[in-house]
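Read the structure below first, then the notes.
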Amino acid sequence: MSQWTGKLAFENRVLVIATMHRKEEAIAPPLQAELGVQIHVPEHFNSDRFGTFTRDIDRPANQLETARLKLRHALELTGKDLGIASEGSFGPHPVLPMLPLNRELVVLIDQAHHLELVGEATSTDTNYSHATVKTLEDVQAFAKKARFPSHGLVAMPSAEPEDKGLIHKGITSEADLLETVARLLSQFGQAHLETDMRAMVNPTRMQAIAQATQDLLHKLKQTCPNCGYPGFEMSDRKPGLPCSLCGLPTDLTLTAIYHCQNCGYEDTVSHPDGITAADPSQCPFCNP
Ligand SMILES: [Zn+2]
Ligand SMILES: [Zn+2]
């Protein structure tokens, strides 16, 4: 990233969004409004070759690297130098494993200015779930919990179906769901149901992608005071805020370190949360 040109210019440039799942509905409006770019969604772009949630195609790399691969492919395909790709992941919350967690990354690459920036959003508000069902009552219960039919479902014979052709995606009507499941039940004695996490059939995920886009726009405006590169953000917090009663250090933040990913410049900010002393209730000495 050492070839940074020191300025940003987005006005009237074409920005490619590497998606085939209508993610541009969440990503495009704020970018058009705030950056003045012209949005281009490639017509024959197949993002599924970079992995699907339904396990019929495995993801080639980790979440961020997959988003980069998608984006580089879309830029090559279109011959443009500015673009965005997004990639989501779902799984148990790292601290509260009973809760599902959705992490969305939105990556912007500007080849003309040697810039890469990543917006991020994490949310526990997701319908992400799965269940193996044997009766139509189980199906109804799962569908309700999964926010169906405003959110789509996927049905298959088992959690690891040998025949990928038996994975039915994008079920968004009661009739389609009942017909598909009835067929699976009669043929296999069970059906495996999953929430369809593709953005165009999952409005909750679409919202998380919109949040990650806002984070990206926020980072674009946080520029390094030394070189002007965007994404100048907090990289570390140091505890030690003194207690207001006894003056001993607490676990609350005393200073924050801001770091530039381009030139390495660092800024130390005292009292980043706007408070200069900790309440004694937070003090290990006054309130052990
Ligand atoms: Zn810098
Ligand atoms: Zn104290």
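The values are calculated or read from the model by the stated rules, or taken from the named source; none is laboratory data. Here the structure is a predicted model, which is why all the values come from computation and not from measurement. In this analysis, Cβ positions are derived from the backbone assuming ideal geometry, glycine residues included, and neighbour counts consider all displayed protein chains. In case anyone asks, the SASA skips ligands and DNA or RNA and just uses the protein heavy atoms, side chains included. Shrake-Rupley method; radii C 1.70, N 1.55, O 1.52, S 1.80 Å.
Only lysine pairs 8 or more places apart, or on different chains, with alpha-carbon atoms under 18 angstrom apart are counted in the chain, and they number 9. Surface exposure of the chain, expressed per residue as accessible area with a 1.4 Å probe, stands at 50 Å². Accessible surface for residue 80 stands near 80 Å², nearest 10, in the context of the full protein assembly shown (1.4 Å probe). Farthest towards the positive end of the charge dipole of the chain, among the residues 28, 231, 250, is the Cα of 28, using unit charges on the Cβ of Lys, Arg, Asp and Glu.
When the dipole is taken about the Cα centre of the chain, and only Lys, Arg (+1) and Asp, Glu (-1) are charged at their Cβ, what size is it in debye, to the nearest 20? Don't skip to the answer; put the middle values down first.
Values: 25 positive and 35 negative charges, 31 e Å.
Here the size comes out at about 160 debye.
In the stretch 105-130, whose amide N lies under 20 Å from the spot 7 Å out along Cα-to-Cβ of residue 96? List them in ranges. Under 20 Å, as judged by backbone N against the label point of residue 96, lie 121-130 of the stretch 105-130. Taking every DSSP bridge with both residues inside the chain, close to 90 percent are antiparallel.
A cut-off of 5 Å between modelled amide H atoms, ignoring neighbours fewer than 5 places along the same chain, links residue 40 with 15, 16, 17. Farthest towards the positive end of the charge dipole of the chain, among the residues 170, 146, 44, is the Cα of 44, using unit charges on the Cβ of Lys, Arg, Asp and Glu. The apolar share of the surface of the stretch 127-268, taken as the fraction of accessible area on carbon and sulfur atoms (1.4 Å probe, ligands and nucleic acids excluded), comes to 50 percent. Per-residue ellipticity at 222 nm computed for the chain from its helices equals -8000 deg cm²/dmol, with DSSP H segments shorter than 4 residues left out and the rest contributing -39,500 (n - 2.57). Distance between the modelled labels on residue 276 and residue 20, one decimal in nanometres: 6.0 nm (7 Å Cα→Cβ projection). Hydrophobic, long helices, defined as DSSP H runs whose alpha-carbon span along the helix axis is 15 Å or greater and whose mean Kyte-Doolittle value is at least -1.0, occur in the chain at 24-35, 63-78, 174-188, 203-221.
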